[in-house]
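See structure below.
The values are calculated or read from the model by the stated rules, or taken from the named source; none is laboratory data. Nothing here was measured: the structure is a model prediction, and the numbers come from that model. Note: ideal-geometry Cβ built from the backbone for every residue, glycine included; neighbour counts use all protein chains shown.
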Amino acid sequence: MPGTSTNVIHITNLLGLVGFVILWLGLVESVKFLLKAFRNDPLLGWAIGPLGVSTLFLCEPSTPFLLLSALLPAFFSGGFLYLGLFTSLPSPVELPHNALLTIVVLAPGILLTGLGDWMAVLRDLRYPLWGEVRVLRNIQYLRASCASIHFTPFGLSYLHEHFGSNPRDLLQVL
């Protein structure tokens, strides 16, 4: 019909949309985890919680690595959303192609997946911590987020040497 508007957002497959969102968040978390896996520092442990998989390293990361660890997942998130929603690939949502809607959809998605990373980068650049203080702060943060913390053999020996404690006692104190 000549008078109908084509600027309507239409969800064609609700289950597909839920699957797309889960795939998007899972892949962004995977990119974050792979970046941490390529880091060549002594690993104390890792944690699995509601905010994803976190790693606990002994050394403070360099500034370029901090920036890369925030930029790459945000870039991947925006690219995945754009490819999944605004290209000719099959999509669970029909969106009109205009620049304003693209920005309105991509910006919150990138902020959702990257805001915590950028806050961590700003915190680490503004208030850098080293050694035991950094380890204790990270453990306390992970405990506050209800994450399950698992220590490596190196992490267990580090806790015993530097704090004279095992993980159970240290986690109860924090």
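Looking at the structure I just gave you, is R126 over 14 Å from the mean Cα position of the chain (by Cα) and loosely packed, with under 11 Cβ neighbours inside 10 Å?
In short, yes.
Report whether or not D117 is surrounded by fewer than 17 Cβ atoms within 10 Å (Cβ to Cβ) and acidic (D, E).
Numbers: surrounded by fewer than 17 Cβ atoms within 10 Å (Cβ to Cβ): no; acidic (D, E): yes.
When the stated conditions are applied, D117 does not pass them.
Give the residues of segment 134-174 that are surrounded by fewer than 11 Cβ atoms within 10 Å (Cβ to Cβ), modelled with pLDDT of 85 or more and assigned to a helix (DSSP H, G or I), sorted by residue number.
A144, P153, E161 - these are the residues of segment 134-174 that are surrounded by fewer than 11 Cβ atoms within 10 Å (Cβ to Cβ), modelled with pLDDT of 85 or more and assigned to a helix (DSSP H, G or I).
Look at S88 and say whether it is farther than 30 Å from R143 by Cβ, modelled with pLDDT under 85 and of a type in the set (G, A, S). Show your work before the answer.
Details: farther than 30 Å from R143 by Cβ: yes; modelled with pLDDT under 85: yes; of a type in the set (G, A, S): yes.
Here the answer is yes, as S88 does meet what is asked.
Exactly one of (1) under 14 Å from the mean Cα position of the chain (by Cα); (2) assigned to a helix (DSSP H, G or I) is unmet by L85. Its number?
Status for L85: all satisfied but (1).
Okay, residues lined up against (1) over 23 Å from L159 (Cβ atoms); (2) buried (at least 16 other Cβ atoms within 10 Å of the Cβ):
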residue: T12; (1), (2): yes, no
residue: W24; (1), (2): yes, yes
residue: L34; (1), (2): yes, no
residue: F38; (1), (2): yes, no
residue: L44; (1), (2): no, yes
residue: I48; (1), (2): no, no
residue: C59; (1), (2): no, no
residue: T63; (1), (2): yes, no
residue: A74; (1), (2): yes, yes
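Does P61 count as at pLDDT below 85, within 30 Å of S148 (Cβ to Cβ) and not in a helix (DSSP H, G or I)? Spell out the reasoning first.
Details: at pLDDT below 85: yes; within 30 Å of S148 (Cβ to Cβ): yes; not in a helix (DSSP H, G or I): yes.
The answer is yes for P61.
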